Structure formats: C-alpha cells, structure tokens
1. If I model a spin label as a point 7 Å beyond the Cα along the Cα-Cβ vector, how far apart are those points for A32 and L18 in nm?
2. Return the sequence-ordered ³J(HN,Hα) values of the range 33-42 in whole Hz as given by the Karplus equation 6.51 cos²θ - 1.76 cosθ + 1.60 applied to θ = phi - 60°, using x for Gly and Pro.
Amino acid sequence: MKTVRPAGPLPLSVRPRLGTIMIRFVGLLALAVVVLTLMWTR
C-alpha cells in the first residue's frame, strides 16, 4: 500500500480559513459603502 499524496504543491491544510474570507468580505463591503456615500453626497 502506497500513501496517496495530492499532486499539487500545497497540501490541503494550506487553505484560506473562513475567518480571513469573512474579514476580507467585510472590509470590501465597508469600502464599497464609503465609496457609495462619497458619491452620493457630491
């Protein structure tokens, strides 16, 4: 029996975690809200 390893260079444990995805999403959402409010006030 041979050990089956993934062919890709990165193992499965090296994935973006859900927390970092949520932080990026909230940051982009806040940036979009700021840009839209600046466009609305002018």
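1. For the pair A32/L18, the computed spacing is 2.1 nm.
2. 5, 5, 5, 5, 5, 5, 5, 6, 6, 8
Bear in mind that the values in this text are calculations on the coordinates, not laboratory data. All figures in this text were calculated on a predicted structure; none of them were measured in a lab. Don't worry about glycine lacking a Cβ; one is built from the backbone with ideal geometry, like all the others, and counts go over all protein chains shown.
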